[in-house]
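One structure is given below, encoded as C-alpha cells.
What follows is calculated from the coordinates using simple rules that are stated; it is not laboratory data. For clarity, every value in this text was computed on a predicted model and none was experimentally measured. Because the Cβ atoms are built from the backbone with ideal geometry, glycine has one as well, and the counts that use them run over all protein chains shown.
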Amino acid sequence: MRKHLKRYLPDHSSLQQNRWLRYLGPQLTHPRLWHLNRHSVAGGFAAGLFCGLVPGPFQMFCAALAAIVFRVNLPLAMLTTLYTNPFTLVPLYLLAFEIGSRFEPPAHGFVAPPEFSLAEIGQWGEAMAAWVLNLGKPLGIGLIILATLLAVVGYCLARLAWRIYLVRAWRRRHPRRKS
C-alpha cells in the first residue's frame, strides 16, 4: 500500500522548485514529513483532526504548520482536515458550544440569533455582534477541548489500526505450525 501511495506524493526537487513553497526550503523536504510509518501517520492524523476545527479557511495551513513543527506526515495532516465541511461544521460547532458551556456558561444562556432585517441592517449588525460575543468564550473553550479530544482519539485509533495491520501481516507470513 505504501508503494501505491508514494506514486502520488511529490518528490523533493519539485517541492524546492515550486515558487510558492521555495521559501520553506529544507523544512518542507524533511524526510519525516513524507514517510509513511506508524508515528508519522498517527501524528498527521491527529494534527489534521485538531486543525480541522480551526475557524475559517486556515485549517490546511495550520495542519501544514503542525506537521512541520511536529515532523509528522504532511499530506495526511492536510487531507484529514477535510472532515469539516458544510455538512459537519454546524453539528461540530454546536457540540463544541455544548462542551464549552459546561466549563464556561454563556452570559445570558443560549439565545437564538437576531432575525435579519434589510431595513434596519445597522441595528441587526450590532445585535449580531453582541450575539456572537455571547457565544465566544464557551465556543472557544469547547473548540479547544473538542479538537484536543479528537486529536487524542484519532492518534490512538491510528496507532491501533497500524498495530492490527502489522499483527495480521505477521500472521499471514508466519502461519502457525500444525502439530
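Brief remarks on what is shown
- Ranked by how many other Cβ atoms sit within 10 Å of their own Cβ, fewest first, the residues TYR155, TYR165 fall in the order TYR165, TYR155.
- Dimensionless Rg/Rh of region 34-125 - Kirkwood Rh, Rg from C-alpha atoms: 1.17
- Förster radius 30 Å - calculated FRET efficiency between PHE87 and ALA119 (Cβ-Cβ, nearest 0.05): 0.35
- Residues HIS174, HIS35, sorted so that the one with the fewest Cβ neighbours within 10 Å comes first: HIS174, HIS35
- Pair-distance distribution P(r) for region 54-177, from all Cα-Cα distances in 10 Å bins starting at 0: 11, 28, 27, 18, 9, 4, 2, 1, 0 percent.
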